[in-house]
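All remarks here apply to the structure that follows.
The values are calculated or read from the model by the stated rules, or taken from the named source; none is laboratory data. Keep in mind that what you see is a predicted model, and the values were worked out from it rather than measured. Neighbour counts are summed over all protein chains in view; Cβ atoms, including those assigned to glycine, are modelled from backbone coordinates with ideal geometry. Only protein heavy atoms, including side chains, enter the accessible area calculation; ligands, DNA and RNA are left aside. Shrake-Rupley method; radii C 1.70, N 1.55, O 1.52, S 1.80 Å.
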Amino acid sequence: MAQRRSTIYLGVTATLVLLLVGMFLYASNVVRTSRPLFARKTALVRQLQLTDLCLFTEASYTRHVSMTDISTPFQDSPMSLEHFPTGALVEPPFHLVRNHGQRD
Amino acid sequence: MILNPGILALFITSLLISLMTIYAACHGIQILRRWDIASGSELQLILERRTYLISTIVTYFLAFQLVSLFLFIQTADSICHLFVGAMCAVGTLTVNSFGYPTLLLKVLTFIIAGLWLILNYADNRGYDYPLIRAKYLLLLILAPFVLAETVVQCFYFFGLTPDIITSCCGTLYSQSARGIASEILALPVIPAKILFSVSMLATCAAGMRLFLNGKGVYRLAALSGITFVVSIISMISFISLYIYEMPSHHCPFCIVQKEYGYVGYPLYLLLLSGTVLGLGVGLLQPFRNKKSLEHIIPAIQQKCAGAAVVAFVLFTSIVSWQILVSSLKML
Amino acid sequence: MISVRDVSKIFNAGHPNEFTALHRVSLNLPLHETTVLKGPSGSGKTTLLGLIGCMARPTTGRIFVNELEITSLPERFLTEIRRSTFGFIFQQVNLIKGISALENVMIPAYPTGEKHSLLRARAMEKLGMFNLDMRAAARIECLSGGEAQRVAIARALINNPAIIIADEPTAHLDSTLSREFMGIIKELKSEGVTIILASHDPIVYDSDVADRVVEMRDGKVIKGGKRP
Amino acid sequence: MANVIEHHRHIIDFTLSSLLRRKGKNGALLLVYAVIVFILASVLFFSHALRREANLALSESPEIIVQRTMAGRYQTVPIFWSDRIRTINGVISVRPRLWGYQYDSVFQANYTLTVPAEHPPEPGSIDIGSGISRMRGAYPGDIISFAGHDGLPRSFTIRNVIDHESELLTSDLILLSDKDYRDFSGIPADQATDLTLRVRNPREYSTIAEKITRMFPEARPILRTEILRTYDALFGWRSGLIIVIFSAAIFAFAVFAWDKATGLSAEERREIGILKAVGWETSDILLMKFWEGIVLSLTAFLVGTILAYAHVFYTSVALFAPVLKGWSTLYPVFRLTPFIDLGQVATLFFLTVVPYTVTTIIPSWRAATIDPDAVMR
């Protein structure tokens, strides 16, 4: 006799749920085992005195997002299209918002 | 307002829930006004069918409210870095004066919705809709709270502007601070432990008595309510300390975090369900004399009492287990 | 005993298209007998069957099934009674397409939460009664008219009902199939099942199975009684 | 209890067969649903992981950075500032920092040149980020030359390529010695790009910053907490906005779901009529509709979430990469650490499952209250 549909469905769903749970467990395990990696990274940050992620490398004024000031064009407004797409992804640093108010 | 995904999710959901509640309440009013069980008219038939819709809506509401309760705490915790001085959810909730009221309303609406479902369960077993009036009056009580929750939550989220200095865990719960939180802390560990054990024991005893010979209904209801409050107080004054293994971190929210094995989820879930079931027993008692429910209500009460005892016992065991395995030793 | 007392059914009450389907009908139908409601279409036969079968509630009047008043019960209780007491055979076969004959037979018992294996065995047994066990796995679309009709009867029997209600069962059957159907009814009757049929087909109301023929017209009973 | 479970299983059986009977429509719904969950989950996972990554890695950034502005623009900082600032209570150390950019017109890429605080390369040699190494095909021992501030080329020997694992921080870096950098960039010996401070007590950050601005009105102190908060809000802004924009898609999906739920075909109405006639109760039909929702939502939710996990943490958001890369030629190749939590899953649930469920409640109820005697008419 063929399996009942509900058996198949519940089986598939249980598998997916287990996969999700496994994903969580695996992820937390990876996070735990990557502690030494982060220790190395923070040591590097300390050594090189870094302040930013190397994520927006298209122009010099987008490279150090947290170091920019109000006169660098990128920070005039996060909507500034000439810096698309980076300008559309990140917010202006908080010290700018606090000291100069929201610009857009 | 911060455009955080969690905030957006809570915002959208509470709007949807409010809409559904208003819709249900409107039908509820019509049912209260036009209900006539003796009539065979088509209107009566339509009204009876609406009861299905309303109980479906409240059931979904209960489920969503539970998730939203936890998401609210989780979100508050995850955005605390945006506020100077906020170390965890407590800090975020004190950013403006709407944080705690929102949480309180969420808990309250969850409990009322749970009670409504217990009434509904009993009503569906009577052949003449015996509790229809009580049920829909309770729905009309629930609705304003749900709307209030949505409005207060809106105020809370719109009032969240990052980088305002807020009191963090340390200052909110420091001995010198005023307000309810510090009064709780002023309750030292030993009296809190005694209070907790006594109220738990009394509640479980009352529950067992009701389960075995059907007596002491109001006692169980009252004790469940008291135990809920006492447990929350104990959570802040000593349970959390054992879980964090830190003698001064009196935070009731961080226990839902991953660092503590998500132990907060089962704890709060058990506490909430025990309370709802215990209170529900009392809520059913006035209707015991309805003819169609003569035999049904005692059976439901027995079931609820049993389940409440199980929930409270499990809650206490998890707490005791946490205390036992904790590296923190206090008297 | 099924007793119908002073029952009226009005559709669209208070609207211009108000329509009285039944007008103060009173009727007593003893159990273990076969009754045929006879009358032209629109005479209220189907409405009356629906009321007796707990499908709808009368506008006024009361209906008792085995001394239990069913008229004022909420829908969930009515359904419970309907499921456990009545089996229905409709004018169209009303089987659900796309699933097997076996599943169709099992459907009425799903809400009872009966164990799947037991339910399946019983459904096979009911299909076996009509020599359909070979066709159990076949989809409804693949069955012949006669087979479909017999599957529908098997479905009506799955909950072992005390009363079978059949509304114009032969309307879409040719004479051979109609006679075959009456043969099955006769068999059921011999097992003590109460049967209520509505029909204006002579094969049905002239059949010797019918203990009682009630004649209806314009929502009223005009003639009814036991056959000599 | 066994009865209740069996009851549900029977209803699931039937629900599944009725979903399968309308494969096309339900399949399309499931697909759209899963895609929506997938995109939303990718956005949530990615931004959260990046945020945590930045927060952890940058937790050791300099506590306070002092820049100098003149006429609102950056200027180099005179080194004597550091002696004055060191006198402020609570400051452990002040260090002049040298860094800047270099545009490579051949590869059209921007490099970040910086002088490490500890273990700088000896004069004449440099360390390069693995992004540069990959792009230029340059390896330890090779010689690279750049044109300095005076237009004359200077050659450096590559000492090291910085480990790939920190690429998200160091992909475009060139590390060189103090002497080489001053020679290369022309910054005078008594000047630095900015100053970095170590401070004893985090609570004193803002008072120290205030004292610095009082001491040097043209100074601009940036606190580490501000840097961290910047990264905390990184993508927060747009991932919120993406969700707002995306909510249009969710809304369209909800309309689609509503339409599917309300627009019961004659066939479906007939089926529900038959079910009710043969003994199903309104609540059984509601249960069937509930399971229908669960089957679709849960499957879409699980599949979408799991795929999004793979997308973000195994393929490093391959589908979003064009947007993130923009015009940059020197994009880091990185594998994110899977920071995920239950809050994100709950958020996802609220953004997808709840709207879908709410839109189907009323239509399901409508369907469930078809008259049982409808099939007899």
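Among the residues of segment D:2-23, those that are more than 7 Å from every other protein chain (Cβ to nearest Cβ) and loosely packed, with under 13 Cβ neighbours inside 10 Å comprise D:2, D:5, D:23. Of a type outside the set (A, V, I, L, M, F, W, C), open to solvent by 20 Å² or more (accessible area, probe 1.4 Å), touching a strand residue (DSSP E or B) at 6+ places or on another chain (Cβ under 8 Å) and outside the structural domain of residue D:171 (by TED's automatic domain parsing), is that true of residue D:315? Against the criterion (of a type outside the set (A, V, I, L, M, F, W, C), open to solvent by 20 Å² or more (accessible area, probe 1.4 Å), touching a strand residue (DSSP E or B) at 6+ places or on another chain (Cβ under 8 Å) and outside the structural domain of residue D:171 (by TED's automatic domain parsing)), residue D:315 does not qualify.
In the list B:245, B:259, B:294, which residue meets the criterion of being in contact (Cβ under 8 Å) with a residue 40 or more places away in the chain and among the charged types (D, E, K, R)?
Matching residue, one of B:245, B:259, B:294: B:245.
Looking across D:41, D:57, one residue alone is under 30 Å from residue A:27 (Cα atoms), surrounded by 21 or more Cβ atoms within 10 Å (Cβ to Cβ), within 12 Å of the chain's Cα centre (by Cα) and of a type outside the set (Lys, Arg). It is D:41. The number of residues in segment A:13-45 being surrounded by fewer than 15 Cβ atoms within 10 Å (Cβ to Cβ) and more than 8 Å from chain D (Cβ to nearest Cβ) comes to 12. Those residues that are open to solvent by 80 Å² or more (accessible area, probe 1.4 Å) and over 25 Å from residue C:163 (Cβ atoms), I need them from segment C:1-28; list them, please. The answer is C:15, C:16, C:17, C:18, C:19. Cβ-Cβ contacts under 7 Å between residues 6 or more apart (or on different chains), taken from a first residue in segment B:143-159 that is open to solvent by less than 70 Å² (accessible area, probe 1.4 Å) to a second residue that is of a type in the set (Phe, Trp, Tyr), are listed as B:152/B:98; B:156/B:98; B:157/B:11; B:159/B:98.
Taking residues in segment D:73-84 that are assigned by TED's automatic domain parsing to the domain that holds residue D:198, and partners anywhere that are surrounded by fewer than 15 Cβ atoms within 10 Å (Cβ to Cβ) and of a type in the set (Gly, Ala, Ser), the pairs with Cβ atoms closer than 6 Å and at least 6 places apart or on different chains are D:73/A:71.
Looking at residue D:117, is it within 21 Å of residue A:60 (Cβ to Cβ) and at pLDDT below 90?
Values: within 21 Å of residue A:60 (Cβ to Cβ): no; at pLDDT below 90: yes.
No, not satisfied.
Those strands (runs of 3 or more DSSP E) of segment D:30-144 in which at least 1 residues are within 30 Å of residue D:212 (Cα to Cα) and within 11 Å of another protein chain (Cβ to nearest Cβ), considering only elements entirely within it, cover D:64-70, D:73-75, D:91-97, D:99-104, D:109-114. Pairs linking a residue in segment D:103-126 that is open to solvent by 80 Å² or more (accessible area, probe 1.4 Å) to a residue that is assigned to a strand (DSSP E or B) and among the polar types (S, T, N, Q), with Cβ atoms under 9 Å and 6 or more positions apart or on different chains, are D:103/D:110.
Scanning segment D:273-331 for residues that are outside any helix (DSSP H, G or I) and either among the charged types (D, E, K, R) or over 25 Å from the mean Cα position of the chain (by Cα) (or both) yields a count of 4. The residues of segment D:269-291 that are open to solvent by 20 Å² or more (accessible area, probe 1.4 Å) and closer than 22 Å to residue C:105 by Cα, listed by number, are D:269, D:270, D:283, D:286, D:287, D:289, D:291. Kindly establish whether residue C:31 is surrounded by fewer than 19 Cβ atoms within 10 Å (Cβ to Cβ), within 14 Å of residue C:195 (Cβ to Cβ) and not β-branched (Val, Ile, Thr). The answer is yes for residue C:31.
One line per residue, one yes/no per condition, for (1) touching a residue at least 40 places away in the same chain (Cβ under 8 Å); (2) within 10 Å of another protein chain (Cβ to nearest Cβ); (3) in a helix (DSSP H, G or I):
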{"residue": "B:20", "(1), (2), (3)": "yes, yes, yes"}
{"residue": "B:26", "(1), (2), (3)": "no, no, yes"}
{"residue": "B:52", "(1), (2), (3)": "no, yes, yes"}
{"residue": "B:90", "(1), (2), (3)": "yes, no, yes"}
{"residue": "B:101", "(1), (2), (3)": "yes, no, yes"}
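Being β-branched (Val, Ile, Thr), in contact (Cβ under 8 Å) with a residue 40 or more places away in the chain and more than 8 Å from chain D (Cβ to nearest Cβ) is the requirement here; does residue B:13 meet it? Judged against the criteria, residue B:13 is not a match. Only residues that are open to solvent by less than 30 Å² (accessible area, probe 1.4 Å) and without any contact (Cβ under 8 Å) to a residue 40 or more places away in the chain were counted in segment D:292-305, giving 1.
Within segment C:159-214, being free of Cβ contacts under 8 Å to residues at least 24 places away in the same chain and under 17 Å from residue C:41 (Cβ atoms) holds for one residue alone: C:202. All conditions but one from (1) within 25 Å of residue D:225 (Cβ to Cβ); (2) modelled with pLDDT of 85 or more; (3) open to solvent by 10 Å² or more (accessible area, probe 1.4 Å) apply to residue B:99; the one that does not is (3). Of all residues in segment C:85-122, those satisfying the criterion of being polar (S, T, N, Q) and more than 8 Å from chain D (Cβ to nearest Cβ) are C:85, C:100, C:104, C:117. Looking across segment D:321-350, the residues that are closer than 22 Å to residue B:78 by Cα and either modelled with pLDDT of 85 or more or more than 14 Å from chain B (Cβ to nearest Cβ) (or both) come down to D:336, D:337, D:338, D:339, D:340, D:344, D:345, D:346, D:347, D:348, D:349, D:350.
The condition of being surrounded by fewer than 21 Cβ atoms within 10 Å (Cβ to Cβ) and either assigned to a helix (DSSP H, G or I) or not β-branched (Val, Ile, Thr) (or both) holds for only one of B:201, B:223, B:210, that being B:201. Among the residues examined, residue A:48 qualifies as open to solvent by less than 10 Å² (accessible area, probe 1.4 Å), facing chain D (nearest Cβ under 7 Å) and either at pLDDT 85 or above or in contact with a helix residue (DSSP H, G or I) (Cβ under 7 Å, 6 or more places away or on another chain) (or both).
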